Amino acid sequence: MRGISLDQLRENIDIAFDALRVSKLRSGLTILGVVIGVATVMTMATIVQGVRDQILNTISVAGPSTFYVMRVFNTTPVNPDDLPKWIRIRPALIAEEADRISQIPQIEYAGIWAQIQLRLDYQGARTQSIAGFGADDRYQEIQGGELIEGRWFTKAELRSGAPVIVIQEAQARRIFGRIDPIGKTIVAGGRPVQVVGLYQPPANIFSPPGQEIGAVFPFEFVTHNFHIDKTNALFICVKPRPSVSVADAMDAVTIEMRSMRKLRPADHNNFDLMSQSQILDTFTSITDIFFLVMLVLASVALMVGGIGVMAIMMVSVTARTREIGVRKALGATRRDILLQFLIEAATLTGIGGVLGILVGLTAGRGVTSLMNIEANTPVGLTLVAVAVSVAIGLIFGVIPARRAARMNPVEALRYE
């Protein structure tokens, strides 16, 4: 079959746009189905890519070697009031275990941290419920970020569990406005505390078990003043020495934990270790499933759009029977007619694809902005989305195009 000239392609695209302008409502409804399908894919792709980039960026900030000792590692939090027996028999982590781990030759740092939920209040101005951490003065070293004002905790404050707090800058601005918060006393979760520092977390911070923090306290203060979920929100953060691999460090910690808990060789571990790669694998599997579900739903929408294209093209062929007859009488071949209607169908879905990409990217950027996630445009998927939308037009446009191409010119000219 001979190739398609550029002039012929341009002429058929012009004819396609003229036909679409004639039947605006039918064309618009058909395009809408394609827009919904493509927009769904692009929105989810932008969100998924943003979340993955967030996790990867945070792992690079905290260091890919950092790992955590937990009572139990589960992809979803377990109900602390209704624990299965195999979790109940596991001892909760204690500060002495973190101290022993920190003395292992392969380990540079080990500290026990806890996470709580609370609100910050200053003279009637309150935050929403935020995550707070009970940690130590090396929190910034492990998690990254910047202390932009004030200081971290002193050794004496850490030992005594002093009522002091380092607040995330965004939360401080919400309750203090332009007032300098350093030295002020606020109410945190119903307890008065003194602000000693302002902390700016790194971009896209990801802290186990998965929430951006709003405040940091000395660990002892949290244990004495708040209820801690010792199953889901208590863990030991461990950082190996630079020359030690994660696997070797985790083996050393496992041996030490088993020794401290007097486990026999045949006993299973009554604790879990969670590495950064496990965090990444867990979230990747979750986002993959989420994206697959959205892809299936989007495929249904695209299928509906494709059927709509076929329906409108069949109607178009019938309505333009005389036009087809005139073109054939003037020398148009079956191939010319087939090409005309295929390009018209591809144009219809191509427009839907482009609009769907714009809607999807805009929606994706909006959602990721609300989630405080930086998301890049998935260029590869954008090109695929355009190609798929055009392909749908070609596939579903074949039947009506072939019907038009096979029309008898004499009967077509007689059509009323």
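The values are calculated or read from the model by the stated rules, or taken from the named source; none is laboratory data. In this text the structure is predicted, and so the values were computed from the model without any measurement. Please note: Cβ atoms are built from the backbone with ideal geometry, for glycine as well, and neighbour counts cover all protein chains shown.
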(request) Run down 130, 142 and say which single residue is surrounded by 15 or more Cβ atoms within 10 Å (Cβ to Cβ) and over 18 Å from residue 235 (Cβ atoms). (result) 130
(message) For the structure I just gave you, tell me whether residue 283 is surrounded by fewer than 15 Cβ atoms within 10 Å (Cβ to Cβ) and modelled with pLDDT under 75.
(response) no
(request) Could you tell me whether any residue of segment 229-237 is touching a residue at least 40 places away in the same chain (Cβ under 8 Å), within 12 Å of residue 107 (Cβ to Cβ) and either in contact with a strand residue (DSSP E or B) (Cβ under 9 Å, 6 or more places away or on another chain) or hydroxyl-bearing (Ser, Thr, Tyr) (or both)? (result) yes
(message) If the requirement is being modelled with pLDDT of 80 or more, of a type outside the set (S, T, N, Q) and at negative phi, which of these qualifies: 261, 322?
(response) 261
(message) Looking at 194, 200, can you tell me which residue is of a type in the set (S, T, N, Q), surrounded by fewer than 18 Cβ atoms within 10 Å (Cβ to Cβ), more than 24 Å from residue 77 (Cα to Cα) and modelled with pLDDT of 95 or more?
(response) 194
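Yes or no, residue by residue, for (1) under 28 Å from the mean Cα position of the chain (by Cα); (2) touching a residue at least 60 places away in the same chain (Cβ under 8 Å):
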{"site": "106", "(1), (2)": "no, yes"}
{"site": "115", "(1), (2)": "yes, yes"}
{"site": "120", "(1), (2)": "yes, yes"}
{"site": "141", "(1), (2)": "yes, no"}
{"site": "149", "(1), (2)": "no, no"}
(request) Look at residue 157 and say whether it is without any contact (Cβ under 8 Å) to a residue 60 or more places away in the chain, within 23 Å of residue 233 (Cα to Cα), part of a helix (DSSP H, G or I) and not aliphatic (A, V, I, L, M). (result) no
(request) Look through 98, 92, 162, 110 and report the one residue that is assigned to a strand (DSSP E or B) and either farther than 23 Å from residue 233 by Cα or among the small types (Gly, Ala, Ser) (or both). (result) 110
(request) Could you please let me know if residue 132 is in contact (Cβ under 8 Å) with a residue 24 or more places away in the chain and at positive phi? (result) no
(request) Within segment 122-135, work out how many residues are more than 25 Å from the chain's Cα centre (by Cα), over 22 Å from residue 160 (Cα atoms) and in a strand (DSSP E or B). (result) 3
(message) Can you tell me which of (1) part of a strand (DSSP E or B); (2) buried (at least 17 other Cβ atoms within 10 Å of the Cβ) is the one residue 148 doesn't meet?
(response) (2)
(request) Specify the residue that is modelled with the lowest pLDDT; the eligible residues are those in segment 53-72 that are surrounded by fewer than 19 Cβ atoms within 10 Å (Cβ to Cβ) and in a loop (DSSP other than H, G, I, E, B). (result) 63
